[in-house]
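The values are calculated or read from the model by the stated rules, or taken from the named source; none is laboratory data. Given the structure is predicted, the values throughout are model-derived calculations rather than measurements. When we count neighbours, we look across all protein chains shown, and the Cβ atoms used for this are built from the backbone with ideal geometry, even at glycine. Ligands, DNA and RNA are stripped out before the accessible areas are found, and what is left, the full protein with its side chains, is counted by its heavy atoms. Shrake-Rupley method; radii C 1.70, N 1.55, O 1.52, S 1.80 Å.
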Amino acid sequence: MANRFADWFRQAEADLHHARNAQVDGDFEWSCFAAQQAAEKALKAVFLKFGMDAWGHTLTALIGNFPPEAVQPSDPLVDYARMLDKHYIPTRYPNGFDSGAPTDFYTDEEAQNAIRYAEALLDFSRDQIK
């Protein structure tokens, strides 16, 4: 079976592009979710590059179990993963809050930060799969 790490990384880049577009459109919750998805797919691309499977959606778990052959992530990257993990569920489901919809809670600043964190994780991952 072909190693599809490049496909995963290409989709990570597309998700990051979507995060930027959603931020411009004022869809800050979707921007944060797309940023989380971009980082998840980029990290999974690294696992695939090294012939490993990666399951789950928790970036902190992925980055904490990074392939031993890969360059290990720095503490700031681990923190970025933690911050992006917080955008996986509440960005999409109203029951993540006592009342209101996710769209009521997310801000432009949060979207900017999520994009910045995802960009750093994609840059790190890109360096691993060259």
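Overview of values
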item: Estimated distance in nm for a label pair at residue 116 and residue 82, the labels positioned 7 Å out from Cα along Cα-to-Cβ; result: 1.7 nm
item: Whole-number accessible area per residue in Å² for the chain, which is evaluated in the context of all protein chains at 1.4 Å; result: 55 Å²
item: Kirkwood-type radius of the chain, with distances r between different C-alpha atoms, in Å; result: 14.6 Å
item: For the chain, calculated [θ]222 nm from helices alone, where every DSSP H run of n ≥ 4 adds -39500 (n - 2.57); result: -20500 deg cm²/dmol
item: Dipole in debye (nearest 20) - segment 75-130, about Cα centre, beta carbon charges: Lys, Arg +1; Asp, Glu -1; result: 260 debye
item: Sparse-neighbour loop sites [chymotrypsin sites (Phe, Trp or Tyr not before Pro); segment 93-130; at most 12 other C-beta within 10 Å; DSSP]; result: 97
item: Computed FRET value (nearest 0.05) for residue 129 with residue 24, which takes r as the C-beta separation and R₀ as 25 Å; result: 0.30
item: GluC sites (Glu not before Pro) restricted to DSSP loop in segment 50-130 with at most 15 other C-beta within 10 Å; result: 69
item: Carbon plus sulfur fraction of accessible area for the chain, probe 1.4 Å, in percent; result: 52 percent
item: Residue-count net charge about residue 29 - beta-carbon cut-off 11 Å; Lys, Arg +1, Asp, Glu -1; result: -2
item: C-alpha long axis of helix 5-24 to longest principal axis of the chain, angle in °; result: 20 degrees
